[in-house]
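S.K.: Below is the structure I would like to discuss, written out as structure tokens.
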Amino acid sequence: MSEVVRYEYGTSLCSVQENRKLIVEECDRESIKDELRAANFVREGSKYVKKRPRLRIGVGQDAEEDALQVLSVRLVDDTLHVKPSDIVGIVRLVPGMNVQIEPKVDWEHVIEMLLTVYDIDRTQSYYGVPLSELVSSGVESTRIIAILAINYVHGLRTIRRNGFIRNLHINRRNGFEGLGSVDVEQTLMNHATGNPAPTWVETQVEYANPVNSAIHMAGKLLLRLLQQDQDGHSHPRQDVLLSMVHQEVERMEELGIASSQKEVGVYRRLSLQDLPRQRNYYRRAFYTAQSILASALLGQVGGGPEELLVDYALSMNSLFQDYSHKVLSRKVGSIRTIDYLDQLSNIECKPEPSIYPFAGNAEARHEPDHLLTDGDETLAVLDSKYYREGKNPANESESRSRMFAYAYLTETNRMAFLCPQYQHVRLPVQRTGAEVEIVSPDDEFTCEAYEDLIEEYLLETLAIEYPELRVFDAATDAHLCLSGVSDGDLSDIHDTNGPFSINNPATFTDRVISAISFSSYGPNKPELDDQGRWTKSRIKDACGKTDEEDHPRYPRHETTCVPVYDPEGNDDHGTVTLYFLKSVDGETQVSTEGPWALM
């Protein structure tokens, strides 16, 4: 896509990539300013801007002052110069014209990021929106429908956890049968006046109010969208997202929440300011509902998903940061599952932790995007950078200076920029032992490739403190090959008289080859040249290696060995790699020998 995209005034839907410029030509200078104001643009100096509240408000941030700028517009002669920020979605420019802002990465991955951030399990068809539709230029609105549906479900779940807005009606009634609690004071007064009947206090909870009704109406419209056909494409009626939206609408109805199309005008006039301050957790569901209700879905302009032209914008910078943190947390949990020594119990990845450089001064603080910590020790500082393709964050002075400040304040020498569209690069910092790593897929961005790189970085970082993780990871990716030993025995990895002892190299070597030849994944002995004696010889020689001073490199009384077989390591019969573990001054050293092919 070129840097500048041009359209003529009156084009119903203009498409531009985030952070690129759009120029609308042949505008009427006399009326265009009024049209911009009608589309909720506000003049700021020489430009017009459109903002919307952020759905995620940071600590100490003011919702109005920190609103997300969606579009900025400058009027130059008879043209509009339109610049979107790092947002995606469909936004009204002027009446009759809408701008579809495309992400830097494929829509498929934007949807997958959302599903990851909101902990919604993935399905092959992405909740009623088949992947073919997500990447089809002919079905623009299905992308937005998917985003709206995911946000709607997530928003309603948040509301259910925290409680719906409700009104309490308290009624008092005298009688010997009742529900609720007894007003003891009034009951005693009743007795004093000769009336023995107790006074019951009955509380009725009413959830019917305009805010809840607006969200309910939006859910019904969303269900209609998910069920409609467009150009032969249908959203499967029984797919997961359709079911989940329907379930949320039903749960609202069970509370007595209903809505009427006659009241749509009332619902549309509601704003976030109508919510009590303690109900900030309503923001996502309420904003999503308003986006649906503000669109042309109710027949005034047309019908069907193709008329879903709404002011709905999603901040990709915030989404990528939230997505990166979710991946970091998940990968830390995944690495914990291979920690057979239970060393990682204090490891966590903290999102946007506050770092105070001055004692007693809470006004000055730093907030890195992510910190990998082990108790009070910081192992690495990571910063998410949703930059354009080919931009190196380490070359940007401001980003680099902030990263060095984070590292200095947290006393760590490992730093990483997390980027979607650069390349995987290591940058040693001169005259220090520090390193900046750019974690980004070398080829086109995919969530799978990015998540694999995150796991590699975390594993490498944690293995500096806990080198046994290298061995555990190798045994997990391939096969532990030692007869009479299973993965559960890795908890005894340091026992020199235990299952990984090399006190008798000949016996140890036989156990390695036997484990492979009697397994379901390795070759049988007759298939091996000389029944594997060549490989046996290599293993035995490795166990008996000496250093330059002719001292044993792997002393048997202080060394253990974990053999790992990789069936894919060689075209013929795979390879064997030995991982030797030796304790030196209370620290574990891991050395590898091999891999050797089973010739």
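S.K.: R0 = 35 Å: FRET efficiency of Glu253 with Glu108, Cβ-based, nearest 0.05?
M.R.: Approximately 0.55, to the nearest 0.05.
S.K.: Would you mind calculating the relative contact order of region 356-484 from Cα pairs under 8 angstrom and at least 6 residues apart, reporting the percent as a whole number?
M.R.: Once normalised by length, the contact order is 16 percent.
S.K.: Can you give me the distance in nm between label points at Asn503 and Glu352, each placed 7 Å from the Cα along the Cα-to-Cβ direction?
M.R.: So the label points at Asn503 and Glu352 sit 5.8 nm apart.
S.K.: Taking all protein chains together and a probe of 1.4 Å, list Val105, Val205 from the most accessible to the least accessible.
M.R.: From most exposed to least exposed: Val205, Val105.
S.K.: Separate question: Order these peptides, 487-493, 110-116, 582-588, by their mean beta-carbon neighbour count within 10 angstrom, highest first.
M.R.: Ranked by mean Cβ neighbours within 10 Å, highest first: 110-116, 487-493, 582-588.
S.K.: Under a Cβ-Cβ cut-off of 13 Å, what is the net charge of the residues other than Ile338 that fall near it, where Lys and Arg count +1 and Asp and Glu count -1?
M.R.: Local charge sum for Ile338: -4.
S.K.: If you don't mind, another one. Run the simple label-point estimate for Glu527 and Asp572 please: 7 Å along Cα→C-beta, distance reported in nm.
M.R.: 1.3
S.K.: Another question, then. Round to the nearest 0.05 the FRET efficiency obtained for Lys391 and Asp119 when R0 = 41 Å and r is the Cβ-Cβ distance.
M.R.: After rounding, the FRET efficiency stands at 0.85.
S.K.: Express in nm, to one decimal, how much length is gained between Arg166 and Val4 on full extension, taking 0.36 nm for each residue of separation and deducting their alpha carbon distance.
M.R.: Length difference between fully extended and current span is 53.3 nm.
S.K.: What does the extension gain come out to for Ser514 and Lys262, with contour length at 0.36 nm per residue minus their alpha carbon separation?
M.R.: 82.9 nm
S.K.: Just subtract the alpha-carbon distance of Arg426 and Ser329 from 0.36 nm times their residue separation and send over the number in nm, one decimal.
M.R.: Gain in length upon complete extension: 32.7 nm.
S.K.: Could I have the simple spin-label model distance between Asn209 and Ile23, label points 7 Å from Cα toward Cβ, reported in nm to one decimal?
M.R.: 5.1
S.K.: Here is a follow-up. Tell me the GluC sites (Glu not before Pro) within region 421-524 that lie in a loop according to DSSP and have at most 16 other beta-carbon atoms within 10 Å.
M.R.: Passing sites in region 421-524 are Glu444.
S.K.: Sorted by mean Cβ packing within 10 Å, highest first, what order do the peptides 79-91, 247-259 take?
M.R.: Packing proxy ranking, top to bottom: 79-91, 247-259.
S.K.: Could you go through region 14-29 in sequence order and give the Karplus-derived ³J(HN,Hα) for each residue, using 6.51 cos²θ - 1.76 cosθ + 1.60 with θ = phi - 60°, rounded to whole Hz, and x for Gly and Pro?
M.R.: Ordered by residue, 3J(HN,Hα) equals 9, 10, 8, 7, 3, 6, 9, 9, 10, 10, 9, 9, 6, 8, 8, 4 Hz.
S.K.: Given a Förster radius of 35 Å and the C-beta distance between Ser486 and Glu548 as r, what FRET efficiency does 1/(1 + (r/R0)^6) yield to the nearest 0.05?
M.R.: That pair, Ser486 with Glu548, gives E of 0.40.
S.K.: Moving on to the next point. Tell me whether region 447-486 comes out rounded, prolate or oblate; compute the Cα gyration tensor, take square roots of the eigenvalues as a ≥ b ≥ c, and use a/c under 1.5 as the rounded threshold.
M.R.: oblate
The values are calculated or read from the model by the stated rules, or taken from the named source; none is laboratory data. Only a predicted model underlies this, so the values are computations on that prediction, with no experimental measurement involved. Neighbour counts run over all protein chains shown; Cβ positions are idealised from the backbone, glycine included. Remember, those area values only see protein heavy atoms, side chains included, never the ligands or the DNA or RNA. Shrake-Rupley method; radii C 1.70, N 1.55, O 1.52, S 1.80 Å.
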